[in-house]
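Colleague: The structure follows.
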């Protein structure tokens, strides 16, 4: 059942990013699972996307801001302009230095700053005002992710009858972790402004319900909670990918050229792929160490396997991320220095974004994908890799702490903290018979072909339309 009215998507980032260029204002496609996933849905359904265009408002003149608004309007996007101070204190500050590490169980990292909390409130107010400026009473407002956890309640105050949904794309931590947040009650109250609150996994939903009961004294019954005379539904909706886009990509001429180029460079060596946004939650240094242990204990694979490690730059203004970048580069250097020969380098390291054609070529050519985050809400890389295996030869090694492990249970599931297990599993994957590879992939592909990003969005919005 499709919702009546238009869909107003509200997220921190728009699906396009604005940049100043010598010739004026430039637009480029935004990276990230939400941007790519929801964009494919909105390409088929009428709606407006409200979000930050990726550049601080005080770096633009009034004329440039008007130009940005006009160019984005042509793409059905509405910009929320944030000052440099709000970008620093709201986005880089409270959202990514308090909420992000807390949600991923990195309890040594959160910074709890009163001024950053105030900036988070101000930022959420700006997004709420922009959404209300676009939404008619019969429209559906769908708010996304941890940057905007106060927006649902702000919308509800102004529009008591509006249909409002919220989806959390990161883990929701258990009670003992979440209770550390000084503004825990305000965050919970903010989310309860929605009619439907969605999570990737049952574990996340259960953690949230537990916090409602133990911190706010509410009673959750059959995944619903009564708030101010109305029901709020707590649902599980595992986000997915544009299945057909990745399944068919191998037939694109540009992808075939990239595959041929990679094969020439690799020769007969087997390709293992590690692909992540550079973030401490992804466990990249530990993964590299596990690969080093694999090389140490399986010398028969020397010269026969190459790990292509791609890290996409992220939040470079945050100190922990710059430190992580140095750590990863040092670890790559150590392993290459220890095991390289004149004709073989164990790790090819790319610290940059990769275009879609190269991404798909890596997916198609990789015989093993190492996807071992320490904690992840979902992890769409795992799903994209499986979707790309048209011949069924690839083996997915997947962390048990990634949300995707619930669905992709035919992958080789590992504990990302057990480095010896990861190393041994890599050897198992490389030696796995073709028939077993194909059987595992066929089962996961059958699921992903049905559970697409389209069905994910449709399922959430159908529940919201019933409120």
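Colleague: Could you give me the percent of Cα pairs per 5 Å distance bin for the stretch 243-450, shortest bin first, beginning at zero and ending with the bin that holds the maximum distance?
Modeller: 1, 7, 16, 20, 22, 18, 11, 4, 1, 0
Colleague: Expressed as cubic angstrom per residue, what is the convex hull volume of the alpha carbon set of the stretch 417-467?
Modeller: 108 Å³
Colleague: By count of other Cβ within 10 Å, fewest leading, how are 321, 41 ordered?
Modeller: 321, 41
Colleague: Taking Cα atoms, how many degrees apart are the long axis of helix 319-339 and the longest axis of the chain, rounded to 10 and kept between 0 and 90?
Modeller: Relative to the chain, helix 319-339 is tipped by roughly 10 degrees.
Colleague: Another question, if that's okay. What is the log10 of I(q)/I(0) for the stretch 254-335, computed with the Debye formula using one identical point scatterer on each Cα and no solvent, at q = 0.13, 0.14, 0.18, 0.24 Å⁻¹?
Modeller: Result of the Debye calculation: -0.51, -0.58, -0.86, -1.14.
Colleague: Would you please classify the overall shape of the stretch 74-226 from the alpha carbon gyration tensor, given that a ≥ b ≥ c denote the square roots of the eigenvalues, rounded means a/c under 1.5, and beyond that prolate means a/b larger than b/c while oblate covers the rest?
Modeller: Verdict is oblate for the stretch 74-226.
Colleague: Over the chain, what relative contact order in percent results from Cα pairs under 8 Å that are six or more residues apart?
Modeller: That works out to 15 percent.
Colleague: Further, regarding this structure: Under 8 Å for C-alpha pairs, at least 6 residues apart: give me the relative contact order for the stretch 243-450, rounded to a whole percent.
Modeller: This gives 26 percent for the stretch 243-450.
Colleague: Follow-up question, since we're still on this one. Determine, for 453, 196, the number of other Cβ atoms within 10 Å of each Cβ, and report the residues in order from fewest to most.
Modeller: Least to most surrounded, the residues fall as 453, 196.
Colleague: Taking the Cα centre of each part, how many Å lie between the stretch 76-149 and the stretch 242-299?
Modeller: Distance between centres, Cα-based: 34 Å.
Colleague: Sticking with this one: Can you tell me the Rg and the Dmax, both Å, for the Cα atoms in the stretch 379-427?
Modeller: For the stretch 379-427, the Cα-based Rg and Dmax read 10.8, 31 Å.
Colleague: Show that you can apply the helix-only estimate: for the chain, add -39,500 (n - 2.57) for every DSSP H stretch of four or more residues, divide by all residues, and state [θ] at 222 nm to the nearest 500.
Modeller: Per the formula, -13000 deg cm²/dmol.
Colleague: In addition: Would you please calculate the Kirkwood hydrodynamic radius of the stretch 176-245 over all C-alpha pairs and express it in Å, rounded to one decimal?
Modeller: Taking every pair of different Cα atoms in the stretch 176-245, averaging 1/r and inverting gives 13.0 Å.
Colleague: Hey, of (1) 24.6; (2) 22.3; (3) 23.2, which did the structure itself give for Kirkwood radius over Cα pairs in Å when calculated?
Modeller: Computed from the coordinates, Kirkwood radius over Cα pairs in Å corresponds to (3).
Colleague: Taking Cα atoms, how many degrees apart are the long axis of helix 419-431 and the longest axis of the chain, rounded to 10 and kept between 0 and 90?
Modeller: Roughly 60 degrees between the two axes.
Colleague: So, one more: Measure nothing but the geometry: give the 0 to 90° angle between the long axis through the Cα atoms of 114-134 and the longest principal axis through the Cα atoms of the chain, rounded to 10°.
Modeller: 70 degrees
Colleague: Could I ask something else about it? Rounded, prolate or oblate: pick one for the stretch 1-139, where a ≥ b ≥ c are the square roots of the eigenvalues of its C-alpha gyration tensor, a/c under 1.5 means rounded, and failing that, prolate if a/b is larger than b/c, else oblate.
Modeller: oblate
Colleague: Could you list 239, 432 so that the one with the fewest beta carbons within 10 Å of its beta carbon is first and the one with the most is last?
Modeller: The most exposed by this proxy come first: 432, 239.
Colleague: Right, here's the next one. Listed highest first by mean packing, meaning other Cβ atoms within 10 Å per residue, what order do 132-140, 90-98 come in?
Modeller: Output ranking for 132-140, 90-98: 90-98, 132-140.
Read the figures in this text as sums done on the coordinates, not as results from a lab. The structure presented is a predicted model; accordingly, all values stated were derived computationally and were not measured. FYI the Cβ positions are ideal-geometry reconstructions off the backbone, even for glycines, and counts take in every protein chain you see.
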